[in-house]
Each structure stands twice: as structure tokens, then as C-alpha cells.
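*Asks:* One structure follows; several queries about it will come next.
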Amino acid sequence: MPLARSISVTSLSGLDEWDEEFELEDAVLFEIAWEVANKVGGIYTVIQTKARLTCEEWGENYFLVGPYTESNVRTQVELIEPTSAVLRRTIDKMNSSGCKVYFGRWLIEGSPYVILLDVGFTAWSLDRWKSELWENCAIGVPWFDREANDAVLFGFLTAWLLGEYAAQCDEAPRILAHFHEWLAGLGLVLCRQRHLPVATIFTTHATLLGRYLCAGNVDFYNNLAEFNVDKEAGDRQIYHRYCVERAAARCAHVFTTVSKITAIEAEHLLKRKPDIVTPNGLNVKKFSAMHEFQNLHATSKARIQEFIRGHFYGHLDFNLDKTVFLFIAGRYEFSNKGADIFLEALARLNYLLRVNHSEVTVIAFFIMPARTNNFNVETLKGQAVRKQLWDTAHTVKERFGKKLYESLLVGQLPEVSKLLDKEDFTMMKRAIFATQRQGLPPVCTHNMLEDSTDPILSCIRRIGLFNSAQDRVKVHTHSFLSSTSPLLPMDYEEFVRGCHLGVFPSYYEPWGYTPAECTVMGIPSVSTNLSGFGCFMEEHIADPSAYGIYILDRRYRGVDESCNQLTTFLFQFCQQSRRQRIIQRNRTERLSDLLDWRYLGRYYVAARHMALAKAFPDQYMYEPHDPTSTSGFRYPRPASVPPSPAHSLHSSPHHSEGEDEEERYDEELEAEKDRMNIRQPYRNKSPPCGSSPRDQKLSSQIISTHVRQNKPSLVCVSSMVTPPQTLPWSVWC
């Protein structure tokens, strides 16, 4: 049964007061997921990034359990002998009984132990296990659903593993098993049905039925209480999957989900209120040099500009220094991920930029995997033409330099007419002739298998964004990113760093790793109040847009109103000066501490402690606090230069002579104010920020400054940022 009180995501600071000490020496943690060493979606990122912190807490008693996939094992896993005698006996017993179980280390940060179960090797037991599932749990799985069949095999193997481990222990074991998503949930149901001595946690990262309903263009969130869940699941032929997910949620000792918006969804669809909300984090790595992330932005942006020069050859009639790069990325779910509203907003933005005679050009990238068969020939030709132009320019430059050098050697000033001869002009004319093209630059880099029915391409045809010379918004769809690509040789992280704004107007996004990754890299982003990330940021930032987090209202506004709001966000962003974008990126990067697993990992700690106390009440006792304050993690609006063009007095990185002194932007002072009230990581027992004499002195300086300016004191987080001396302002935006 769920607890009467649940921990709120709004109270990060309250967790610092939890002083219960749990003896974990005799406890063993198994974390089970289909995406252990098997990248499918976002759960892979959750487990991979969280592994190091969990290994620090549990040490040798932490094991990840996932499916065996030979191609993944070859590149991601080092197979070794089991380190524990109990586990060695367990694996030997299962292998001798007709299974194939592998043990090794996952080659990621933290190097956690992994137990991989070969579901294909035990497929001969599928019918027998399906019958047992029907007899004991009344859940029937159809033969044609291959994914559900894999879930049955994986679930029974997981329950077998946990039961065998408990049987091989010399003393009464204290086993904690954490199951992620419905694909692993059947193992939890079997553990409870067989009364195994296992404390169980079930985490749903997105409900099955919710994803299907949102894809069906229904007003999902405003009608959650009205859905007939059994009928809706049956109509979509996922009733057996839904039953597994609901059974896992109801049977678990502790039920968690990743955001408040998903908690509301789970309470209505799975009929249980989550005990704890466990937001997803990332391993945030701070740079030792100030503003190094700004230097990385400039480097990556230059590489994207090189691609644009080749892709738009013959039509490069816009200034790349006044070009803004937007992007959307994720699974190819046209409506759920908000690609539909993004395209419509781009069409309206194009109109606004044209009627206002803006010199800004917007290039929007769609990074979504689709079915393709090869690169587009015209796109490959563009990069070849760009390279040819580059080689020609270098050849002419070398010839020019040699003649200039020889002329200076004899003590004569060169005649310009003699520095470039007829052959040089011929080479340049040939290069210019090669840039001529008859058609417009393609909107897609690959040949689509379903070109006529592809949702993005169909929408582009409808709104008429074909990369013509008159359009101030250019559209570019790219199926994937790779550092070995002949078109755009960049991996995803490099590409994100080079863009100016990530746009993720999702209708269904339980958490949202894409905007979180943008924040950690210091790139502003657009999210929605229907995504876990957007709700999280709204709770902890008084004015998210000032920190580069634009929250689109898709819950209480219609589609047209939301589209107009997104268009306004994009148009205002395009109006920002170079300096304003730099300031905004600095502020965005300072939010990264909020998304660090050092802080958010404590929610998983709380869930595990709660599960152990409920499953083994004689050995563990747990009383969660019910924090009511958000002090220490509430970001107020910055009092310095606002990023909005409508309010800012500055249009360049330099201050004008006549501007008011109190409106000057002091990046170091603002960053220190942000840092003053962030709480230390729960593992770090050092005094909080502001306890040292230097911090106390700086705190007095900040307070006195705001008293003079009649402005309220601010509380925020993160790292000090000052403009570097190595790069000019012009390459930063």
C-alpha cells in the first residue's frame, strides 16, 4: 500500500535533514532494466549516468541485470568470473538448468557489475511460462507480440535469478530489487507472487497507455479522470502490456516515477499514487577554466557553419554571423515530441522576420531517426563543392604569397595586377561556376523510404518552407549524427554545443533528457509545462526565461495559442543581441547543479531505504520527513541586465558612456549570488557555502550592493563565470 505522505519534488533542500543511517553491508541491490548495456531510449541514459553514484553507495553489493545482446557485449561489457561466492553458485546452478547467464563489468563510469540473461536461449520455455503467468496472475500474452514475449522470458529469468540467489545465501538475505518499466516489471510481480524475500521498487518512466493516448490526438491531461483505462488499452491491443505494468505498480513495495506530471498520470492510469518522485539527473562535469563551455560553443558552431556553407552552396545569400541555429531531437514521434507545433511556429516566425526586414536568418535542424536508405546525392555534392572551393582558395593564396614574397625579396613593392595572373582568375572562375545550381538546397540529407507520407516532410510541403532566397527560416532534417559522417562529422554533444537554442515543445514528455542536456552544456532551451523537466524548472526558478529556460504552456492553452506563444519565444530570441545571448548562456550553465546526480540521486536513496523498511521491518526503520520549504533551491529573477530585448538597454558587449552605472552587468557578482544558497551534495559533509570568512565578506558585499540599489537579495546557484580573454565576443554567439 502506498504511504499516506509522499515526498515532493519541490523540496530538494528538505532531504538534507534526513539523518537515518542504514546498514547496507548485508544488503544486496539488483537493478533490473531492459536497457542495461542495451541502448533503446532514455532509460539507458538514466542507468548509465546514475551507475557511478550507486556504486559509491553500495560498492560490491550492486548488480545491474539486463538482457544479453552479443553486439552490445562485444563493445560495452568485459566478461569476468563472478566476484561473490553466492552469485557464482547462483549462476552455475542456472546455467546447469538450461539457461545462459553472463557476468561482467559494464565499461562505463563507475564500472558496475552486470548480470546478462540470454532470453533467446530459453525461448523453449515460453509457452510453459505463459501458461504459468495465466494461471497465477490471469495475464494472457498473445503469440504475435514479440516484445511482450521477450518481457515474459526476461521476467521469469529475473525472478529465477533472485529466487536462486536467496536460496544460495547461507543466512537470511536482504535483497533489494529495483525494476524499471513494464519490460522488467513482470519479474517484480513474480517475486511477490512467489513470496521471495525481496524488497521491490518499481519505477515507471512513462506509462504505456499515456504514450498511446497522447499519440492519438486526445486532450489527455485535462481528461485523465475520464478515461476507461481497460477499454482504451484493449482498443489499442496493448491490454496485456498494460496489465503487466499495472500489476508491477500495485505489487511493488515502493512505486516511483520521474516527475510530478507523470505522477498525476500514473495515479489515474495505474491506480496508485507514487510514493516518491525520482527526477532524472546527469553527471555534471564542471570546467576548470572559466567559460570553457563558451569556447566549446564557438568551436562547434564553426563546424556547423562549415556544413551550412556546403549545404547551401549557390544560395548562400545570408550572413552566417547573423544566423541562429535551432534544433529539435528525440524519438520520431511527430505529435508527442512537438515537431508539428515547432514547424507551424517556424512558418509564423518566417513571416515575422520577413515583414520586420530582419537581417537574422534561422536554420532549424530536425534530428530524428527515420527510415532512410542512403545519403542524398545533392547533399553530398554540396560538401564536395565546398571542399573544392576551399582547396582553390588555398592554391591561389599560396601562389599569391609566393609572388608577394619574391617581390619583397628584391626590395620592390608588388603591383597588384601582377600578383594574380590569368591562370589564377581562370581557377577562381571555374570554382565559382561549380557553385551554380538549378534547384533549391534540399531540406533532407537522406533519401527517405516513405517520402510522400513522412509527417515532417508533408508538413514542410504544407507550410512552404523550401529554403528559398526569400525565406528567413531555413529547414534541415537530419536522421542521425555521427563523428564519422561525411556530411556533418559531429556527435550529438558537439552538435548541441554549437547550436543557439534547443526547441522541445513536447506534448508527452515524462521527463525530458534533451532539454536537461542542453542546460548542462549551457544552451538555452524551450520546454513545456507538460514535461517533467519543464515542471521541475518552473518550481525552482522564479523567471525561467531569464535563465534560458522557456516554458511553453501546452496544458491550459489551445494548439493555436501555444503555437503563437512559441513563435513569440523564438522571435524574441532572434532579437537578442550577441551580448544578451552570452549572458543567457552563462545563466543557463549555472543551473546545471540542479540536475546533478549528486543532488537528485538522494531520491533514489530515499526510495531504497523506504523499500527495505517496508519489506524488512524488523531490521530497518524509516520515517520520511515531509518538507514544506524550498529554501536553497529557488532561483529568483536576476536583477542585472535582463535577456529580453524589450527591457535590455544594451545592444553590444561594451557599455555605452552614458548608461546608468546601476544597470551594468557584473557576471562575477551575479554568479556568486547564485552560488551562495545552494546546498552541498548530501555526501559532502563540509560547511555550506558562505561559511568561510571570504564567503561571508562577499555575502556582505552582495547584500550592501542590493541595499544601495534598493533591490531584494537573490538566492541561486552555481559557478562563477567571467568572459575569457582568449576569444573575442564576436565568436561567442
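The values are calculated or read from the model by the stated rules, or taken from the named source; none is laboratory data. Bear in mind the structure is a predicted one, so any value in this text is a computation, not a measurement. Counting neighbours? That spans all protein chains shown, and the Cβs are built from the backbone with ideal geometry, glycine included.
*Asks:* I'd like the residue in region 75-93 that is touching a strand residue (DSSP E or B) at 6+ places or on another chain (Cβ under 9 Å) and buried (at least 16 other Cβ atoms within 10 Å of the Cβ) and, out of all such residues, is farthest from Cys169 (Cα to Cα).
*Replies:* That would be Gln76.
*Asks:* Using beta carbons and a limit of 6 Å, which pairs, at least six apart or on different chains, have the first residue in region 160-176 and under 15 Å from Asn95 (Cβ atoms) and the second one surrounded by 23 or more Cβ atoms within 10 Å (Cβ to Cβ)?
*Replies:* From residues that are under 15 Å from Asn95 (Cβ atoms), the pairs are Glu164/Thr90; Tyr165/Thr90; Gln168/Thr90.
*Asks:* Which condition does Lys271 not pass, out of (1) out of contact with any helix residue (DSSP H, G or I) (no Cβ under 8 Å at 6 or more places or on another chain); (2) on the phi > 0 side of the Ramachandran plot; (3) not hydrophobic (A, V, I, L, M, F, W, C), if it passes all the others?
*Replies:* Unmet condition: (1).
*Asks:* A follow-up question, please. Given (1) out of contact with any Asp or Glu (no Cβ under 7 Å at 6 or more places or on another chain); (2) of a type in the set (A, V, I, L, M, F, W, C); (3) closer than 30 Å to Tyr351 by Cα, identify the lone condition not met by Ala384.
*Replies:* In the conditions (1) out of contact with any Asp or Glu (no Cβ under 7 Å at 6 or more places or on another chain); (2) of a type in the set (A, V, I, L, M, F, W, C); (3) closer than 30 Å to Tyr351 by Cα, Ala384 misses (3) alone.
*Asks:* Continuing with the same structure: Looking at (1) among the aromatic types (Phe, Trp, Tyr); (2) surrounded by fewer than 24 Cβ atoms within 10 Å (Cβ to Cβ); (3) modelled with pLDDT of 95 or more, which one does Tyr550 not meet, given that it meets all the others?
*Replies:* In the conditions (1) among the aromatic types (Phe, Trp, Tyr); (2) surrounded by fewer than 24 Cβ atoms within 10 Å (Cβ to Cβ); (3) modelled with pLDDT of 95 or more, Tyr550 misses (2) alone.
*Asks:* Need at least 3 residues that are touching a Cys at 6+ places or on another chain (Cβ under 7 Å) and on the phi < 0 side of the Ramachandran plot per element, so show me which helices (runs of 4 or more DSSP H) inside region 314-432 make the cut, counting only ones lying wholly within it.
*Replies:* In region 314-432, the matching helices (runs of 4 or more DSSP H) lie at 339-355.
*Asks:* Look through region 194-205, keep the residues that are touching a residue at least 60 places away in the same chain (Cβ under 8 Å) and buried (at least 24 other Cβ atoms within 10 Å of the Cβ), and return whichever of them is farthest from the chain's Cα centre (by Cα).
*Replies:* Val198
*Asks:* Considering only residues of region 162-179 that are surrounded by fewer than 16 Cβ atoms within 10 Å (Cβ to Cβ) and out of contact with any Pro (no Cβ under 8 Å at 6 or more places or on another chain), which is nearest to Cys99 (Cα to Cα)? Show your work before the answer.
*Replies:* To start, the set of residues in region 162-179 that are surrounded by fewer than 16 Cβ atoms within 10 Å (Cβ to Cβ) comprises 167, 170-172.
Within this subset, residues satisfying the condition of being out of contact with any Pro (no Cβ under 8 Å at 6 or more places or on another chain) are 167, 170-171.
Working: Ala167: 17, Asp170: 23, Glu171: 26 Å.
Only one residue fits best here, namely Ala167.
*Asks:* Looking at Ile276, is it in contact with a strand residue (DSSP E or B) (Cβ under 6 Å, 6 or more places away or on another chain), in contact (Cβ under 8 Å) with a residue 40 or more places away in the chain and either of a type in the set (D, E, K, R) or over 30 Å from Gln193 (Cα atoms) (or both)?
*Replies:* Spelling it out, it is not the case that Ile276 is in contact with a strand residue (DSSP E or B) (Cβ under 6 Å, 6 or more places away or on another chain), in contact (Cβ under 8 Å) with a residue 40 or more places away in the chain and either of a type in the set (D, E, K, R) or over 30 Å from Gln193 (Cα atoms) (or both).
*Asks:* Inside region 580-635, can you point out the residues that are at pLDDT 90 or above and not in a helix (DSSP H, G or I)?
*Replies:* Asp596, Phe616, Pro617 - these are the residues of region 580-635 that are at pLDDT 90 or above and not in a helix (DSSP H, G or I).
*Asks:* From the list Ala159, Ala148, pick out the single residue that is closer than 30 Å to Trp597 by Cβ, of a type outside the set (D, E, K, R) and buried (at least 16 other Cβ atoms within 10 Å of the Cβ).
*Replies:* Just one listed residue meets the conditions, Ala159.
*Asks:* Something else about it: Considering region 264-279 alone, what residues qualify as being surrounded by fewer than 23 Cβ atoms within 10 Å (Cβ to Cβ) and in a helix (DSSP H, G or I)?
*Replies:* Result: Ile264, Glu267, His268.
*Asks:* May I ask you to verify whether Val355 is in contact with a Lys or Arg (Cβ under 7 Å, 6 or more places away or on another chain) and of a type in the set (A, V, I, L, M)?
*Replies:* So Val355 fails the test.
*Asks:* Can you confirm whether Ser96 is touching a residue at least 12 places away in the same chain (Cβ under 8 Å), assigned by TED's automatic domain parsing to the domain that holds Val198 and hydroxyl-bearing (Ser, Thr, Tyr)?
*Replies:* Criteria not met by Ser96.
*Asks:* Let me ask you something else. Looking only at residues that are small (Gly, Ala, Ser) and within 19 Å of Asn376 (Cβ to Cβ) in region 307-329, which one is surrounded by the most Cβ atoms within 10 Å (Cβ to Cβ)?
*Replies:* Looking at residues that are small (Gly, Ala, Ser) and within 19 Å of Asn376 (Cβ to Cβ), I get Gly310.
*Asks:* Taking region 215-263 as the region of interest, how many residues are of a type in the set (S, T, N, Q) and either assigned to a helix (DSSP H, G or I) or surrounded by 13 or more Cβ atoms within 10 Å (Cβ to Cβ) (or both)? Talk me through it step by step, then tell me what you get.
*Replies:* At the first step, the residues of region 215-263 found to be of a type in the set (S, T, N, Q) are 217, 222-223, 228, 237, 256-257, 259, 262.
Then keep just the ones that are either assigned to a helix (DSSP H, G or I) or surrounded by 13 or more Cβ atoms within 10 Å (Cβ to Cβ) (or both); that gives 222-223, 256-257, 259, 262.
Going through region 215-263 one residue at a time, the tally reaches 6.
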